[in-house]
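Quick one: this structure, given as structure tokens, is what I'll be asking you about.
The values are calculated or read from the model by the stated rules, or taken from the named source; none is laboratory data. Values in this document were obtained by computation on a predicted structure and should not be read as measured data. Here the Cβ is made from the backbone with ideal geometry for all residues, glycine too, and neighbour counts use every protein chain on show. Heavy atoms of the whole protein, side chains included, go into the accessibility calculation; ligands, DNA and RNA do not. Shrake-Rupley method; radii C 1.70, N 1.55, O 1.52, S 1.80 Å.
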Amino acid sequence: MRRNFVCASCIPAEPVLDLRLLRENPEATQARLDRRHSSYDIQPLLSLDQQVRQWEQERTQLQARSNEIGRSVGQKMREGADPQSEEIAALREEGNQLKQQIADLEQQERQVRSELDTYLLTLPNLPDETVPLGSSEDENREIHRWGDDRIREGEFAPHWEIGERLGLFDFERSTRIAQSRFVTLLGAGAALERALIAFMLDRQTAAGYTEVAPPYLINSASLTASGQLPKFSEESFRCDRDDLWLTPTAEVPLTSLYRDEILSADQLPLRYCAYTPCFRREAGSYGRDTRGLIRLHQFNKVELYQFVHPDHSEAAHQQLLANAEAILQALELPYRTIELCTGDLGFSAQKTYDIEVWLPSAGRYREISSCSNCGDFQARRANIRFKEAGQKGTRFVHTLNGSGLAVGRTMAAVLENYQQPDGSVRVPEALQPYLRQTVIGQP
């Protein structure tokens, strides 16, 4: 059986949830975790924290006594006491015993603190108070729809049939190259994917995001900082000979761009977009979406990411959502936006909007982007702070992320929504300058 991966060297310097909040308001914190309709329990954490604080107090007292003995011995020696006297020997013996007690306490404290920090890593973010209550995706709340007038009636072929008929991609040969749930794009299919990536990046950089091309292999500390480890170790592909993993999403390397750094407040907001291939095992999803581009082990995605001042967090969330929706509007693809309920929130999110695109062959909407506000959760794990000019101390930034968009799913939506009666696919007007053609698959 696979176990969740915990990297001892990846424990954050700061508690991933505010320990002061847990200590002072344990009932309220537990209640907010319970809103997720999961079995998270903070009592073991509080017990470990109490033990650590008790030992810290004992160690402080022992250290104070040890320092007192050191000063006393020094004073007596300056006053001319015999270094070999029974009094000096007794004080030194007591001092040695205290040093051993302190060393033993430090070792016990380190072990329990490590258990405490490891337990903290397993706790998810606390849902924002505005998130609707619910136990599953069935209780998510629709916010709005766009493009209802573009939804056509009739029978529509699924995108995998369109793509295979037009020679856009090949799943069978991909299985020979790798395994199931991989795809090889061919000809106009490869060109369409490349056009979508370029189109998305151009739109987002025009909207004020800075393009980033991050590494595709990432270390355990980066996965831990973003919240992927230890919970999602089974979902990720690991390079066993190195402390490296294939990135499951560009959110991971973007989170760690400023890991262990202190920014100045006037640097915020920092807004980035990144194209990467993404790799996921899709553990537990076998039997679902086995055909087509919806659920693959390798897929391309353009990610949006923001580091913002906490006071501007909610406004940034609305902005990020609008930036993702703008891609679908430009492509004239019908979609709806929903707010996730507490029981459907992702591990690192305190509030999330999902965008779902219309797939006519299925007659329903399918997720194409998830736009989340993580508050200071990832910043605590990554130890990313900012400092206000003229003010003492530092604060944690807020981080936000969202797909802008999942490229394969966008391709699926384009193929299905723009299929023509003659079997061809009309190219969306916004993509025509990138693809340099108006139709795919002339009859």
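If residue 131 meets every condition in (1) in a loop (DSSP other than H, G, I, E, B); (2) open to solvent by 60 Å² or more (accessible area, probe 1.4 Å) apart from one, which number is that one?
Of (1) in a loop (DSSP other than H, G, I, E, B); (2) open to solvent by 60 Å² or more (accessible area, probe 1.4 Å), only one is false for residue 131: (2).
Could you check, for the stretch 288-298, whether at least one of its residues is out of contact with any Ser or Thr (no Cβ under 6 Å at 6 or more places or on another chain) and either farther than 28 Å from residue 162 by Cβ or among the aromatic types (Phe, Trp, Tyr) (or both)?
no
Among the residues of the stretch 234-264, which ones are in a loop (DSSP other than H, G, I, E, B), at pLDDT 95 or above and crowded, with 17+ Cβ neighbours inside 10 Å?
Passing the criteria: 247, 248, 249, 250, 259.
Picking from 340, 304, 321, 328, which residue would you name as being in the same structural domain as residue 267 (by the TED database) and over 29 Å from residue 37 (Cα atoms)?
Numbers: 340 fails: over 29 Å from residue 37 (Cα atoms); 304 fails: over 29 Å from residue 37 (Cα atoms); 321 fails: over 29 Å from residue 37 (Cα atoms).
Step by step, each of 340, 304, 321, 328 is checked, and only 328 is in the same structural domain as residue 267 (by the TED database) and over 29 Å from residue 37 (Cα atoms).
Follow-up. From the list 424, 361, 370, 403, pick out the single residue that is open to solvent by 40 Å² or more (accessible area, probe 1.4 Å) and either under 16 Å from the mean Cα position of the chain (by Cα) or closer than 30 Å to residue 188 by Cβ (or both).
Answer to the check: 361.
I've got another one for you. So residue 104 clears everything in (1) at negative phi; (2) open to solvent by less than 60 Å² (accessible area, probe 1.4 Å) except one condition, right? Which one?
(2)
If I go through the stretch 235-253 residue by residue, how many of them are among the acidic types (Asp, Glu) and either within 15 Å of the chain's Cα centre (by Cα) or outside the structural domain of residue 281 (by the TED database) (or both)?
Count: 2.
Still on this structure, I have one more. Does residue 209 meet the test of being touching a Leu at 6+ places or on another chain (Cβ under 7 Å) and open to solvent by 50 Å² or more (accessible area, probe 1.4 Å)?
Against the criterion (touching a Leu at 6+ places or on another chain (Cβ under 7 Å) and open to solvent by 50 Å² or more (accessible area, probe 1.4 Å)), residue 209 does not qualify.
Still on this structure, please answer the following. So in the stretch 351-386, with the set limited to residues that are among the aromatic types (Phe, Trp, Tyr) and touching a strand residue (DSSP E or B) at 6+ places or on another chain (Cβ under 7 Å), which one is nearest to residue 399 (Cα to Cα)? Don't jump to the end; show me each part of the working.
We begin by selecting, within the stretch 351-386, every residue among the aromatic types (Phe, Trp, Tyr); these are 353, 358, 365, 377, 386.
Cutting the leftovers down to touching a strand residue (DSSP E or B) at 6+ places or on another chain (Cβ under 7 Å) gives us 353, 358, 365, 386.
Working: 353: 15, 358: 29, 365: 28, 386: 12 Å.
It comes out as 386.
I've got another one for you. Restrict the check to the stretch 151-158 and report whether at least one residue is of a type in the set (Lys, Arg) and touching a residue at least 40 places away in the same chain (Cβ under 8 Å).
Yes, there is a match, as at least one residue in the stretch 151-158 is of a type in the set (Lys, Arg) and touching a residue at least 40 places away in the same chain (Cβ under 8 Å).
Assess whether residue 323 counts as being touching a strand residue (DSSP E or B) at 6+ places or on another chain (Cβ under 8 Å) and either in a loop (DSSP other than H, G, I, E, B) or buried (at least 24 other Cβ atoms within 10 Å of the Cβ) (or both).
Details: touching a strand residue (DSSP E or B) at 6+ places or on another chain (Cβ under 8 Å): yes; either in a loop (DSSP other than H, G, I, E, B) or buried (at least 24 other Cβ atoms within 10 Å of the Cβ) (or both): no.
No; evaluated as a whole, the condition is false for this residue.
Table: residues versus (1) closer than 30 Å to residue 229 by Cβ; (2) open to solvent by less than 40 Å² (accessible area, probe 1.4 Å).
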position	(1), (2)
81	no, yes
84	no, no
90	no, no
113	yes, no
119	yes, no
125	yes, yes
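Could you run through the stretch 295-330 and say how many residues are over 23 Å from residue 351 (Cα atoms) and in contact with a helix residue (DSSP H, G or I) (Cβ under 6 Å, 6 or more places away or on another chain)?
3
For residue 299, state whether it is in contact with a strand residue (DSSP E or B) (Cβ under 8 Å, 6 or more places away or on another chain) and at pLDDT 95 or above.
Considered against the rule, which asks whether it is in contact with a strand residue (DSSP E or B) (Cβ under 8 Å, 6 or more places away or on another chain) and at pLDDT 95 or above, residue 299 comes out as yes.
Name, by its number, the condition in (1) under 23 Å from residue 167 (Cβ atoms); (2) in contact (Cβ under 8 Å) with a residue 60 or more places away in the chain; (3) open to solvent by 10 Å² or more (accessible area, probe 1.4 Å) that does not hold for residue 385.
That leaves (1) as the condition not met.
Here is a follow-up. Which one of the conditions (1) part of a helix (DSSP H, G or I); (2) over 30 Å from residue 314 (Cα atoms) does residue 120 fail to meet, given that it meets all the rest?
Condition not satisfied by residue 120: (2).
Going residue by residue through the stretch 184-206, is there one that turns out to be assigned to a loop (DSSP other than H, G, I, E, B), in the same structural domain as residue 431 (by the TED database) and in contact with a Gly (Cβ under 8 Å, 6 or more places away or on another chain)?
yes
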